[in-house]
Amino acid sequence: MMSRTVRRFWSTALAVALLRAAAFAGATTPTQPVAVRHSEGLVHGFLVLQTLAGETLAHGDLTQVARGDRVTSQLVFHFKDGSLYDETAVYSQRGNFRLLSDHLIHKGPAFERPMDISINVSLGRVTVRYTEDGKEKVSTERLNLPPDLANGMTLTLLKNMRSGAPMTLSVLAVTPKLRVVKLAITAQGEESFSVGESSRKATHYVVKVEMGGVNGLLAPLLGKEPPDIHVWILGGPAPAFLKAEGPLFYGGPIWRIELISPVWPRTSVAADAKH
């Protein structure tokens, strides 16, 4: 058996190695905001949220309004079980995309912990309202938020990626503890899909969550490494979001988001006029 002295030596050596690696991981080059290649405007899309097995969990709307260089984007999902996911991001698109504020509410049975998260980037202020042990709590912190913060606007930034060039973004993860993590995004090539009898191609992006620090090093060993997020974007002069697979919130299950079309009653205006 290993002696106590030897065990203590290896324990200390491991701790030192992890701290050195964490310091190296934290010494990353500061990332820059994403340049505007495609300006955002008015949008209203209809979405469905499903499990990977195809079970429908929620229906939602993605709405967007642009006034000058200021864009307000809202993503809302109403769940069948009464749960709600509602996120509103406000950002600037003057030369580069810059997040100004983000407000996320998720509550109901679909979420392990209901939270109300408000991010004010200019003030560096983050307010989190949550419930713990049956008691409502409020936490407000000031952080030095990075200029490439992408909360609530990741899909917009993906539409502005340069072809073949990887991209790194920052996201504030709230558990309710605050932690800035990196998203490493790479294109995995094109995949075919169809619209009616027309064949099209979409770019498949893989988004890897890089936690960094000691937690990032230990996550794979503890089985807590965040899963990859997969997103499909239609390219061309007018890029569009098509589908995503991944957690809707930090630590959540893998769900699928897709566009859907309105369903009309079978009777038509022409048939009604005839009768």
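Report the local net charge at residue 240: Lys and Arg +1, Asp and Glu -1, summed over other residues whose C-beta lies under 13 Å from its C-beta. Walk me through the intermediate numbers first.
Working: positive: 159, 200, 201, 243; negative: 40, 258.
That works out to +2.
Would you mind getting the Kirkwood hydrodynamic radius of the range 31-260 from its Cα pairs, rounded to one decimal in Å? Don't skip to the end; give the middle numbers.
On the way: mean 1/r = 0.0541 Å⁻¹.
So the Kirkwood estimate lands at 18.5 Å.
I need the P(r) histogram for the range 116-213: all alpha carbon pairs, bin width 10 Å from 0 out to the longest distance, whole percents.
The percentages, shortest bin first, are 13, 35, 27, 16, 9, 1.
Separation between the residue 38 and residue 81 pseudo-spin-labels, each 7 Å from Cα along Cα→Cβ, expressed in nm?
3.5
Coordinate-derived values only; no laboratory data. In this text, all values refer to a predicted model and were calculated from it rather than measured experimentally. Please note: Cβ atoms are built from the backbone with ideal geometry, for glycine as well, and neighbour counts cover all protein chains shown.
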